[in-house]
1. For PHE55, enumerate residues with amide H under 5 Å from its amide H, sequence gap 5+ or separate chain, H modeled in the peptide plane.
2. Provide the gained length on full extension for the span ILE14 to LEU35, in nm with one decimal, where the gain is 0.36 nm per separating residue minus the Cα-Cα distance.
3. First obtain the Kirkwood hydrodynamic radius of the chain from its Cα pairs, then insert it into the Stokes-Einstein equation at 20 °C and 1.002 mPa s, and state the resulting D in µm² per second as a whole number.
4. Taking a probe of 1.4 Å, how large is the accessible area per residue of the chain, in Å²?
5. Keeping the other protein chains in place, figure out the carbon and sulfur percent of the accessible area of region 5-84, with a 1.4 Å probe.
Amino acid sequence: ETACLPGPEPQELIVSMPIIHFKPVEGKKKSARGLYSSPLYLYPVRTGSRERPSFMITVDLKAGVHDSDLWVKRGTALLLSLSA
């Protein structure tokens, strides 16, 4: 609706995210204010392993009415799979 991260609901651990289309660019600009650089993990186990790393990339998302520090403190991340 507002194209940004919604405010956290109590006891809500997993929220679905709309499909994100990635567009390749040559150089990344400096991060703008109001963005949260969310890590994107392949598996819920964020540490992964040497043979099977979990971290993929960071995705800049609009932080909405909350500061990006809130999302960092909550450990907000994008997951490609909910099963290990």
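The values are calculated or read from the model by the stated rules, or taken from the named source; none is laboratory data. Since the model is a prediction, treat every value here as computed from it, not as a measurement. Protein only, heavy atoms only, side chains kept; ligands, DNA and RNA dropped before computing areas. Shrake-Rupley method; radii C 1.70, N 1.55, O 1.52, S 1.80 Å.
1. LEU42
2. Length difference between fully extended and current span is 5.5 nm.
3. Approximately 150 µm²/s, per Stokes-Einstein.
4. I get 86 Å² per residue for the chain.
5. 57 percent
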